[in-house]
Amino acid sequence: MSTSNRKEKFRKWYGEVVDKLGYRFSKDEELVEFLLEQEVQIEKKYGSPYCPCQAIVGDRERDMKIVCPCIPFHREQFDKMRRCWCGLFIHKDVPEREESSLQQIP
């Protein structure tokens, strides 16, 4: 499957999943395209679309908690940040004009 086809599959599936969790894709389309591209490359290399901003440590149990969308595993932190780590997903209650001011909490 081509990279663009795989990105579109991710976009469709992720959109359905995160919608039910109270999130949506970022309105920054350039960021979304970049992150989906990274996930396709990560999936090709490691077999799963891990979060592109988290380190894969080789411990399957820990690494599975960063397979995108990882919102269920990090819900408390993401709800405080109102976004996921990389910013691919934003909480639905965040207005578009405020997206860029959201901060990542370590």
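Around P69, under 13 Å between beta carbons, what's the net of Lys plus Arg minus Asp minus Glu among the other residues?
Local charge sum for P69: +4.
Sorted by accessible area (1.4 Å probe), largest first, how do S26, S4 line up?
S4, S26
Go through [x] 52, 35, 26; [y] 81, 53, 23; [z] 35, 29, 22 and flag the label whose value is the computed Cα extents along the principal axes in Å for this structure.
[z]
For the stretch 1-52, what does the accessible surface come to per residue with a 1.4 Å probe? Please give it in Å².
Heavy-atom SASA per residue in the stretch 1-52 reads 59 Å².
Based on the Cβ-Cβ distance from Q104 to M1, what FRET efficiency comes out when R0 is 35 Å, to the nearest 0.05?
0.65
The values are calculated or read from the model by the stated rules, or taken from the named source; none is laboratory data. These numbers were taken from a predicted model, which means no experiment stands behind them. Glycine also receives a Cβ, built like all others from the backbone with ideal geometry; neighbour counts cover every protein chain displayed. To get the accessible areas, we keep the full protein, side chains included, count just its heavy atoms, and leave off ligands, DNA and RNA. Shrake-Rupley method; radii C 1.70, N 1.55, O 1.52, S 1.80 Å.
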